[in-house]
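The block underneath contains the structure these notes are about, expressed in structure tokens.
The values are calculated or read from the model by the stated rules, or taken from the named source; none is laboratory data. What you are looking at is a predicted structure, and each value in this text was computed from that prediction instead of being measured. Quick reminder, even Gly has a Cβ in these numbers, built from the backbone with ideal geometry, and neighbours come from all protein chains shown.
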Amino acid sequence: MELSDTLLCLFSSEIDHRDGSYTIEIPEREVELGDLETNSSYRIAMVPQARTQPDSNTDATEESTQATAESGPPVSEGDHRTVEIETIGEQGDGIARVERGYVVIVPDTDPHERVEIKITSVTDTVAFADVVKRYEDHE
């Protein structure tokens with residue numbers, strides 16, 4: 001799947017039914033730290049979450065492997081991403097979040113700075129990245 005260069009944010013959410021209409025909740029961080037503004041209109045693309053249907057020939061080991069792959073890190077070494085640094089960690093490095101709230105540590109960055117990064121190391125819970133490019137406000 002190809003994503004537009006004008007993509008402002010990417011997150012996972014569920015559709016809720018409330019009082020005769022359906023809603024999608026946008027994480028607060030996308031408004032506070034991202035490019036979204038309240039009382040503004042946006043185009044939304046919906047992409048279904050991949051679901052695995054257990055096959056009658058699939059054993060428990062294969063199902064476990066599939067579940068781990070789907071819940072694993074959403075980034076790989078060498079990936080390039082454009083992120084916004086949300087905060088600074090205890091060690092002084094920038095912290096950004098990507099899909100499913102997965103944390104990426106980016107040294108030599110400041111809060112609210114928008115940067116292109118290259119993932120250099122990945123674990124189950126956190127990735128580390130280097131800055132490739134720094135963006136000026138609203139570039």
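Things worth noting here:
- Glu37 meets all of the listed conditions (1) among the charged types (D, E, K, R); (2) at pLDDT 70 or above; (3) within 16 Å of the chain's Cα centre (by Cα) but one, namely (3).
- Any hit, segment 6-14, residues being surrounded by 10 or more Cβ atoms within 10 Å (Cβ to Cβ), modelled with pLDDT under 70 and over 13 Å from the mean Cα position of the chain (by Cα): no
- Residue pairs meeting the criteria (Cβ under 8 Å; at least 6 apart or on separate chains; first aliphatic (A, V, I, L, M), in segment 59-87; second outside any strand (DSSP E or B) and modelled with pLDDT under 50): Ala67/Thr52
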